[in-house]
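Accompanying notes for the structure given below.
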Amino acid sequence: MSEEESLYQWFNRCFWRDYIGGLKSRTLLQVESTVPRTPVRDVLRDFQSLDECARSAGLYMSRNEELDDVSSTGLLMLVIPYVIGDILYNDIPFETENRIKKLVDVQNHWEEFLEKVEQIDVRVVKVDTDDRSRKLESHRRQQFLRPVVSKLSHALTLRTSDMDDFRDDIVAMLELFALKVQNDLRFVVDELLVLQSRPSDGQEDAHKNNKQQETRKLWSMKLDKTRIRTIMQQEVFRPDITMPTISLEEFAQWEYDRIQDMNKKSVLSELESCEDQFYKAQRKEESQQEIKDRSWDDWKDDNPRGSGNKLVNRG
């Protein structure tokens, strides 16, 4: 077995079993995981090792390659940077000490993934921070593409048919992940701006020492500096507005369901109006026919058969 084949089997195990079937089984497959879940940090280390091996072996697409030049295996391997960023951002517990370093790492991996996706002309919905209609369109597109992951997870295992049969589905899965990256990358950039503009602890301590040397007092009070710093940080970085009670994804789902209900009601009302018009026309036609039949019966009663024969009994 060649190095590329063994690396791809390793990728299959990590991606389909540990990531899709384990960490993301509820969000992407809509089912609970039935296999023993691998610890998150072990899954992350596997993908980081896969990333290093793929780069050293030259398995990633080059800058001058297009979609038709990349094999189906190469297309599937493009998800590795996305997966590393997704696990770092959504599955690793929050750590205040190295939060900035982790966010920079997430941003680098996701921007690399988006660059590769744009290179092979996978079109995604461009979403701005205040563009509500495009957010809804992006959410609808994600709902449409999500079943592709379940289809691929059942089809692409270590001993299944050729991946070229599922090439279009692989491209659709890359589009789904690109849409998710576009939505989450905005929050990563905003959080980085806030954290990078915050003064470091060393700067705070130096500023306090200078203030104490400048203004000496005859009396002093012993306070817990750590406690005061914690309280001040909580107050400074606390939002000054009422925060939303639901996420953008939940609001988009609610809005999408509301629009679907409105469309169903409008279609039903149109069908009912068409039905009413049909039955009204049918009743009118039946009424006219009944009047016509009655007038014909009355005429036959007034003019019995043979009453108009004037040649009867002539000699």
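Suppose every Lys and Arg Cβ carries +1 and every Asp and Glu Cβ carries -1, with no other charges. What dipole size does the range 248-299 come out with about its Cα centre, to the nearest 20 debye?
Details: 8 positive and 15 negative charges, 45 e Å.
Here the range 248-299 has a charge dipole of around 220 debye.
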Ratio Rg/Rh [Cα only; Rh per Kirkwood] for the range 1-152: 0.96
Assign unit charges at the C-beta atoms only (+1 for Lys and Arg, -1 for Asp and Glu), then state the dipole size of the range 8-96 relative to its Cα centre in Debye, rounded to the nearest 20. 320 debye
Multiply the residue separation of A155 and M262 by 0.36 nm, subtract the distance between their alpha-carbon atoms, and state the gained length in nm to one decimal. 34.8 nm
When only alpha-carbon atoms are used, what values of Rg and Dmax, in angstrom, describe the range 248-299? 22.5, 76
Hey, which of these cross-link pairs are over 27 Å Cα-Cα: K101/K151; K24/K102; K102/K151; K126/K264; K101/K135? K101/K151; K102/K151; K126/K264; K101/K135
What is the spin-label model distance, in nm, from S197 to Q277 if the labels are put 7 Å beyond Cα along the C-beta direction? 5.9 nm
Difference of contour (0.36 nm per residue) and Cα-Cα distance, S62 to S247: 62.9 nm
Spatially proximal aspartates and glutamates relative to K284 (Cα-Cα < 15 Å; intrachain offsets below 8 disregarded): E275, D276, D293
With 0.36 nm assigned to each residue of separation and the Cα-Cα distance removed, E118 to N303 gains 57.7 nm
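Each reported figure results from applying straightforward, stated rules to the coordinates on display, with no laboratory input. Keep in mind that what you see is a predicted model, and the values were worked out from it rather than measured. For neighbour counting, all protein chains shown are included, and Cβ atoms are generated from backbone atoms with ideal geometry for every residue, glycine included.
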